[in-house]
Amino acid sequence: MAGTKCIITGVPGVGKTTVITEALKRLEEAGRPYAYLSFGSFMFEVAAKKGLVKNRDEMRLLGKDDQRQLQQEAAGEIARIDGDVIVDTHASVKTPKGYLPGLPEWVLEALRPDLFVLIETDEDQILGRRFGDPSRIRDLDTYGALRSHQSFNRAIAAAYAMKTGCTVAIVTNADHLLDRAVDQLVTLLS
Ligand code: AP5
């Protein structure tokens, strides 16, 4: 049985990993466990072995061909994992040469998602979270740039749905309302 494959995305700093972590705990308690796979971690493992990067935040600065190769290798590994799976990744990645699709055709075909989730919130909240996270090297985007990125992600999610027939859901992770975002995600995955 192939299981349910859910792809969860959101611009860096939106809190996607925080929401997913809490939702996974609740789903486990409810007897509906999902395996958690971080696409970025699969990519980073290969990139670090090849000596291309020292941390995960350097990956979005690599050349397009390197990033595409890493995507392909990560997708191949993830595609081999059966059952109910959450893939934590990006609808698009902001690179120095423009937005790179997080799921180009060959990645989409390998992953075959049933559900595609966009985690979003207001741009000022995302900026605040990026400034407040010294553990990472975050892009210092403007409000407008972040708005464009979130809007581009909605557009490309529609293209992914057209290609695969998956559904697309938007979960809002607003400041001080983490529980509401977690509730929404748990409902989608139950
Ligand atoms: P990835 O590992 O996905 O890193 P990321 O984008 O930085 O995302 P995080 O996992 O850190 O989560 P987050 O930023 O959404 O938020 P967090 O939960 O930490 O990707 C790493 C790299 O891999 C990418 O940059 C890219 O290069 C590459 N990659 C991945 N997929 C790819 C693909 N398909 N193609 C090409 N490259 C790919 O939370 C942030 C902060 O917000 C925390 O401090 C948290 O406490 C706070 N917070 C969260 N929720 C709330 C709330 N409701 N209220 C207040 N504060 C909150």
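Every number in this text was worked out from the coordinates using simple rules, so none of it is lab data. The model shown is predicted, which means the values in this text are computed figures rather than measured ones. Cβ sites come from the backbone with ideal geometry, for glycine too, and all protein chains shown count toward neighbours.
Largest first, the extents of the alpha carbon coordinates of the range 85-190 on the three principal axes equal 37, 36, 23 Å. A Förster radius of 25 Å, combined with the Cβ-Cβ distance separating ALA48 from TRP106, puts the computed FRET efficiency at roughly 0.65. Using bins of 10 Å that start at zero, the share of Cα-Cα pairs per bin across the range 98-150 amounts to 19, 38, 31, 11, in whole %. Distance between the 7 Å Cα→Cβ label points at ALA155 and ARG136: 2.4 nm.
Taking 25 °C and 0.890 mPa s as conditions, the chain diffuses translationally at an estimated 145 µm²/s according to Stokes-Einstein applied to its Kirkwood radius (Cα pairs). The number of Lys pairs in the chain with C-alpha atoms less than 20 Å apart, excluding pairs fewer than 8 positions apart on the same chain, is 11. Rounded to the nearest Hz, the phi-derived 3J(HN,Hα) couplings of the range 9-20 under the Karplus curve 6.51 cos²θ - 1.76 cosθ + 1.60 (θ = phi - 60°) are 9, x, 5, x, x, 6, x, 5, 5, 4, 5, 4, where x marks glycine and proline. Here's how it looks for VAL93: its modeled amide H is under 5 Å from those of LEU100, GLY102, which are all 5 or more places away or on a different chain. Here the Karplus relation 6.51 cos²θ - 1.76 cosθ + 1.60, evaluated at θ = phi - 60°, turns the backbone of the range 121-129 into coupling constants of 7, 5, 4, 5, 5, 5, 4, x, 5 Hz, with x for every Gly and Pro.
Cβ crowding within 10 Å ranks MET162, MET59 as MET162, MET59, fewest other Cβ atoms first.
Annotation: amide H-H contacts under 5 Å for ALA35 (H modelled 1.01 Å from N, sequence separation of 5 or more, or interchain): ASP84, VAL85, ILE86. In this simple spin-label model, placing a label point 7 Å from the Cα along the Cα-to-Cβ direction at both ASP65 and ARG147 gives a separation of 3.8 nm. Using all pairs of distinct alpha-carbon atoms, the Kirkwood hydrodynamic radius of the range 53-124 works out to 13.6 angstrom. Using modelled backbone amide H atoms (1.01 Å from N, in-plane), which distant-in-sequence or interchain residues come within less than 5 Å of ALA169's amide H? Correct list: PHE116, VAL117, LEU118.
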